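Asks: Input: one structure, supplied below.
The values are calculated or read from the model by the stated rules, or taken from the named source; none is laboratory data. Since the model is a prediction, treat every value here as computed from it, not as a measurement. A quick note on method: Cβ atoms are made from the backbone with ideal geometry, for glycine too, and the neighbour counts reach across all protein chains shown. The protein model used for the area step is the full one, side chains on, heavy atoms only, and it has no ligands, DNA or RNA in it. Shrake-Rupley method; radii C 1.70, N 1.55, O 1.52, S 1.80 Å.
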Amino acid sequence: MSDTLLPPIGMLAELTHRCPLQCVYCSNPLELLKADKELSTDAWLALFEEAADLGVLQIHLSGGEPTLRPDLEQFVSCLSRRGVYTNLITAGVGIAEGRLERLRDAGLDHLQLSIQGAHAPTTEKIGNHRGAQEKKLEVARKVVELGLPLTINAPIHRHNIEEVPAFIDLALSLGAQRLEIANVQYAGWALLNRNALMPDREAVERQVEIVEEAQWRLQGILAIDFVAPDYFAIYPKPCMGGWARDAFMVAPDGKVLPCHAAGTIPTLHFERFGEASLTDIWAHSEAFNAFRGDDWMLEPCRSCDRKEIDWGGCRCQAMAIAGNAAATDPACIKSPLHSRMASLIGEANAIPSSNAEDFRYRRIGRA
Ligand code: SF4
Ligand code: FES
């Protein structure tokens, strides 16, 4: 590793792509991996040990649905022994009796529960799973009863943006410590469903006012994080905190990537854990070094005074909209393609709401 390259702080482990839900906003890739492609228990344990050696301080155990891995307790226990903070990201459906207790006893530090709607019919429609809400609320109550910190993740789009006040009430009634009002990022299945999911500008503006008022009113009671919708922004977010700056992710088959959508950049090759060590990949992988720092930047990013704030935005969004991963993220007002975002909003909003529910549900083997 070079003298100036710092070790990663965070890692997202996508343990599996299998999931009982079929959410239309899922950011997983269209080519979902089947169970026989997943890393074995021993391979994940070796990977976690190396991540801890490398300096990773927190690991998000995600998927798909990570609780479908029967070895999850082993992973939590290994990471806990190594002093790594563990966050379980779950949809809260299909978790067996006693499992949450076992995960807590194994040393789990935090649980993040996704809820697709503040009201049951919305959750059922978005995840295509009958009875999902009841199961999720049961998980939330159990997590609080076990004394684990709980975050509710609410992925926001056209079909639930008016439920933001109800999400806030729900998070309060469940005793959550944190609520993430996270406007959908258009990657993977969400990109495929973009027209169906895109809200309109008035709804986005109402949402911002509601969230800002609640953040002020609920200080010290409920922390509310707001992930703004890129398509309505004037500046992009520093995606992943900047490409390969302080975090990375691992796909179910052990492929190591700078972010969850990096596989959509066709010029990059990603190594699997086992073909190379995490340490080598972090320091020397061509894909990790492709957009590190600012040497790769084109104008207007190259001479922009915000370049070390947002690192040029999201490489995968630049790929999807500009057709060039090195371009300025079109979410930025300085991008020559910024007006394309407004056109995409307009195209999506022109679809009558009856057709807007023409969802393509996430399913393995059905891209
Ligand atoms: Fe960020 Fe590039 Fe836009 Fe400047 S020009 S604000 S660095 S995306
Ligand atoms: Fe890949 Fe933003 S999702 S850089």
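Asks: Need a quick list: helices (runs of 4 or more DSSP H) entirely within the range 173-290 having at least 2 residues that are open to solvent by 20 Å² or more (accessible area, probe 1.4 Å) and more than 27 Å from H159 (Cβ to Cβ).
Replies: Qualifying helices (runs of 4 or more DSSP H): 278-284, 286-290.
Asks: Please give the number of the condition C301 fails out of (1) within 16 Å of ligand 1 (Cβ to nearest atom); (2) of a type in the set (A, V, I, L, M, F, W, C); (3) buried (at least 16 other Cβ atoms within 10 Å of the Cβ); (4) not in a loop (DSSP other than H, G, I, E, B).
Replies: (4)
Asks: Being among the hydroxyl-bearing types (S, T, Y) and either outside any helix (DSSP H, G or I) or within 16 Å of ligand 1 (Cβ to nearest atom) (or both) is the filter here, so list the residues in the range 321-359 that pass it.
Replies: Residues satisfying the conditions are T328, S335, S339.
Asks: From the list A318, A290, pick out the single residue that is within 11 Å of ligand 1 (Cβ to nearest atom) and modelled with pLDDT of 95 or more. First the steps, then the outcome.
Replies: Working: A290 fails: within 11 Å of ligand 1 (Cβ to nearest atom).
Only one candidate passes the filter, namely A318.
Asks: May I pose another question? Do any residues in the range 307-323 that are farther than 14 Å from M341 by Cα have Cβ atoms under 8 Å from those of residues that are of a type in the set (D, E, K, R) and away from ligand 1 (no atom under 13 Å from the Cβ), where the two are at least six apart or on different chains, and which pairs are they?
Replies: Qualifying pairs under 8 Å: W311/R245.
Asks: Right, next: Give the range 17-46 a look and list any residue that's in a loop (DSSP other than H, G, I, E, B), more than 29 Å from N195 (Cβ to Cβ) and polar (S, T, N, Q), or say none. So that I can check it myself, show each step before the final result.
Replies: Of all residues in the range 17-46, those in a loop (DSSP other than H, G, I, E, B) come to 17-34, 38-40.
Those still in the list that are more than 29 Å from N195 (Cβ to Cβ) too: 38-40.
Selection gives S40 alone.
Asks: Oh, and also: Scan (1) in contact (Cβ under 8 Å) with a residue 40 or more places away in the chain; (2) of a type outside the set (G, A, S); (3) more than 16 Å from ligand 1 (Cβ to nearest atom) for the single condition I281 breaks and write down its number.
Replies: Failed condition: (1).
Asks: Out of the residues in the range 304-315 meeting the condition of being outside any helix (DSSP H, G or I) and of a type outside the set (D, E, K, R), tell me which one is farthest from ligand 1 (Cβ to nearest atom).
Replies: C314
Asks: Check the range 353-360 and report whether any residue there is small (G, A, S), open to solvent by less than 60 Å² (accessible area, probe 1.4 Å) and within 15 Å of ligand 2 (Cβ to nearest atom).
Replies: No: the range 353-360 contains no residue that is small (G, A, S), open to solvent by less than 60 Å² (accessible area, probe 1.4 Å) and within 15 Å of ligand 2 (Cβ to nearest atom).
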